[in-house]
1. Multiply the residue gap between T50 and D67 by 0.36 nm, knock off their C-alpha separation, and tell me the result in nm, one decimal place.
2. Quote the accessible area belonging to D67 in square angstrom, nearest 10, computed with a 1.4 Å probe and with ligands, DNA and RNA left uncounted.
3. Sort 71-81, 42-52 by the packing proxy (mean of other Cβ within 10 Å over each peptide's residues), most packed first.
Amino acid sequence: MKRTLFLLALLSVLLAGCANTQPSNIRTDLWGSPAPAAAATKTIVVTPETKFVNLVGGDVVRFVVGDKSFTWSFDGIYFPAAIDISKVSNGLLQRPLMAYVVANPMYQPDNSR
């Protein structure tokens, strides 16, 4: 019984250490890259009510935050993914904003044959 409790306590401690889903040493290059505003194919105005955005790999999005903006090309290789956009916002977003990015179906294999 004591052994089981010890193992459960150890497991709880280990799982608590794994709770951070996005470590501070994130490879944002796997998500894409900064892009010029003129390349944007979508514009998303971020308000305090904006909780998340849904995107597709390959989207080039201009995010407007107040009177400033930044543009990100979701041309990385790490999709599908849940990405905290504040990590690539150059400090414009002061809170987490999740982008749920699915792989572009245009580049998926056709398994219907």
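The values are calculated or read from the model by the stated rules, or taken from the named source; none is laboratory data. Since this is a predicted model, take the numbers as computed values, not measurements. For neighbour counting, all protein chains shown are included, and Cβ atoms are generated from backbone atoms with ideal geometry for every residue, glycine included. Just the protein is used for accessible areas: all its heavy atoms, side chains included, with ligands, DNA and RNA removed. Shrake-Rupley method; radii C 1.70, N 1.55, O 1.52, S 1.80 Å.
1. On the way: separation 17, 0.36 × 17 = 6.12 nm, distance 1.60 nm.
Additional length available on full extension: 4.5 nm.
2. The accessible area comes out at roughly 140 Å².
3. Values: 71-81: 17.7, 42-52: 11.9.
Listed from highest to lowest mean packing, they are 71-81, 42-52.
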